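Student: Below is a structure I'd like to ask you about.
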Amino acid sequence: MIDPRAGRGTFLTFEGIDGSGKSTQARLLADRLRADGRDVVLTREPGGSTGAEEIRRLVLEGDPDRWSAETEILLFTAARRDHMERTILPALADGKVVICDRFADSTRMYQGLSRGDLRGLVDTLHTLMIGREPDLTLLIDMDPETGLRRALGRQGSEERFEEFGPELQHRMRAGFLGLADEFANRFRVIDGNRPIETVAGDVLATTGALLT
Ligand code: ADP
Ligand code: TYD
């Protein structure tokens, strides 16, 4: 295992409720940084490595009740460990900018809050198996109804949390804002209820200080 603190690169994550615009903004940021000549790895969770993409299918497809809450936490953590070992840490060791669409804060929220209070278990496993936080986390804050509408407009076979409806989206939004307070040193909240280019301008300005 590569030392999680060894990386010289920069580790950025996007977080927020389903449909908030994370993937759109992660892609736009990667494009702009590449246009500036930076070496960028754009990746996502669950997934981002061959093994973790296999686990993604196990957790997002099929019967939503196929895993207990605890097993689900283990699967998301296993996927993250593989993603760290094979994709994120090697890229950081090479000095690259890693942009990840969702990371451990999503597990703190979805697995930590949605099926009872399992946040302690999520954090313990994170400390044992992952041991690294992003350098900067951009929370795309979004009105839950708008996010849900956008997310449900997509087609696909994956069972996402958006299927659970507006009540969960409201709780997740509040939970993410709570995390932004808890980890105020690395979180920045971006208002996602604006046109894509306006949000992207804010994202670029927010990352600027870290990347100079
Ligand atoms: P997420 O990754 O957070 O689920 P996406 O980036 O996939 O969100 O966006 C969900 C949908 O909303 C996509 O169809 C995208 O084009 C659209 N979208 C994203 N950001 C905005 C925005 N600021 N205004 C309007 N539509 C948006
Ligand atoms: P994602 O593809 O990012 O969905 P979206 O584009 O709708 O935001 O993530 C798929 C689902 O996986 C999403 O509903 C949130 C969930 N998820 C967890 O439950 N735990 C996690 O640790 C991660 C990374 C995602």
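The values are calculated or read from the model by the stated rules, or taken from the named source; none is laboratory data. Note that the structure is predicted; figures quoted are calculated from it, not measured. As a convention, Cβ positions derive from the backbone with ideal geometry for all residues, glycine included, and neighbour counts pool all protein chains shown. SASA here: full protein model, heavy atoms, side chains in, ligands and nucleic acids out. Shrake-Rupley method; radii C 1.70, N 1.55, O 1.52, S 1.80 Å.
Student: Could you tell me whether E158 is farther than 14 Å from S106 by Cα and without any contact (Cβ under 8 Å) to a residue 60 or more places away in the chain?
Tutor: Against the criterion (farther than 14 Å from S106 by Cα and without any contact (Cβ under 8 Å) to a residue 60 or more places away in the chain), E158 does not qualify.
Student: Please name all residue pairs, on different chains or six or more residues apart, with Cβ atoms under 7 Å, provided the first residue is in the stretch 10-25 and is closer than 14 Å to P46 by Cβ and the second residue is near ligand 1 (Cβ under 8 Å from one of its atoms) and assigned to a strand (DSSP E or B).
Tutor: That search, which allows pairs on different chains as well, returns K22/F14; K22/D101; K22/I140; S23/D101.
Student: Right, something else. Examine the stretch 178-196 for a residue that is among the β-branched types (V, I, T), at pLDDT 95 or above and over 15 Å from I17 (Cβ atoms), and state whether such a residue exists. Break it down into steps so the answer makes sense when it comes.
Tutor: Let us first name the residues in the stretch 178-196 that are among the β-branched types (V, I, T), namely 189-190, 196.
With the extra rule that they be at pLDDT 95 or above, the set shrinks to 189-190, 196.
Right, trim to over 15 Å from I17 (Cβ atoms) and you get 196.
Yes, the stretch 178-196 contains at least one residue that is among the β-branched types (V, I, T), at pLDDT 95 or above and over 15 Å from I17 (Cβ atoms).
Student: Read through the list (1) closer than 23 Å to K22 by Cα; (2) open to solvent by 10 Å² or more (accessible area, probe 1.4 Å); (3) of a type in the set (D, E), then give the number of the only condition that D105 fails.
Tutor: (2)
Student: Among the numbered conditions (1) away from ligand 2 (no atom under 14 Å from the Cβ); (2) farther than 26 Å from T24 by Cα, tell me where E72 comes up short.
Tutor: (1)
Student: Looking at the structure I just gave you, is L75 at pLDDT 95 or above, under 30 Å from D143 (Cβ atoms) and crowded, with 16+ Cβ neighbours inside 10 Å? If you could, list the steps in order and put the result at the bottom.
Tutor: Details: at pLDDT 95 or above: yes; under 30 Å from D143 (Cβ atoms): no; crowded, with 16+ Cβ neighbours inside 10 Å: yes.
Judged against the criteria, L75 is not a match.
Student: For the stretch 108-187, which fully contained helices (runs of 4 or more DSSP H) count at least 2 residues that are closer than 26 Å to A93 by Cβ? Please lay out each step first, then the result.
Tutor: On the way: elements: 119-129, 144-152, 166-182.
Result: 119-129.
Student: Anything in the stretch 162-189 that is buried (at least 16 other Cβ atoms within 10 Å of the Cβ), without any contact (Cβ under 8 Å) to a residue 60 or more places away in the chain and within 16 Å of ligand 2 (Cβ to nearest atom)? List them, or say none.
Tutor: Across the stretch 162-189, the qualifying residues are F164, L168, R171.
Student: Go through the stretch 22-32 residue by residue and tally those that are within 11 Å of ligand 2 (Cβ to nearest atom) and open to solvent by 20 Å² or more (accessible area, probe 1.4 Å). Talk me through it step by step, then tell me what you get.
Tutor: Taking the stretch 22-32 first, the residues within 11 Å of ligand 2 (Cβ to nearest atom) are 22-24, 26.
Going one step further and asking which of them are open to solvent by 20 Å² or more (accessible area, probe 1.4 Å), we end up with 23-24.
Count: 2.
Student: While we're on this one: Checking the conditions here, which among R57, R5 is at pLDDT below 95, loosely packed, with under 15 Cβ neighbours inside 10 Å and more than 15 Å from the chain's Cα centre (by Cα)? Let's see the steps before the verdict.
Tutor: Values: R57 fails: at pLDDT below 95.
Being at pLDDT below 95, loosely packed, with under 15 Cβ neighbours inside 10 Å and more than 15 Å from the chain's Cα centre (by Cα) holds for just one of R57, R5, which is R5.
Student: Something else about it: When the residues of the stretch 122-146 are filtered to those that are closer than 26 Å to R66 by Cα and in contact with a helix residue (DSSP H, G or I) (Cβ under 6 Å, 6 or more places away or on another chain), which remaining residue is surrounded by the fewest Cβ atoms within 10 Å (Cβ to Cβ)?
Tutor: Top of the filtered list is M129.
Student: Looking at (1) within 14 Å of ligand 2 (Cβ to nearest atom); (2) out of contact with any helix residue (DSSP H, G or I) (no Cβ under 9 Å at 6 or more places or on another chain); (3) under 29 Å from G120 (Cα atoms), which is the one condition that is false for D65?
Tutor: The number of the failed condition is (1).
Student: May I ask you to verify whether G175 is of a type outside the set (K, R) and more than 17 Å from S20 (Cβ to Cβ)? Even if it seems obvious, please write down each step before you answer.
Tutor: Working: of a type outside the set (K, R): yes; more than 17 Å from S20 (Cβ to Cβ): no.
For G175, the condition - of a type outside the set (K, R) and more than 17 Å from S20 (Cβ to Cβ) - is not met.
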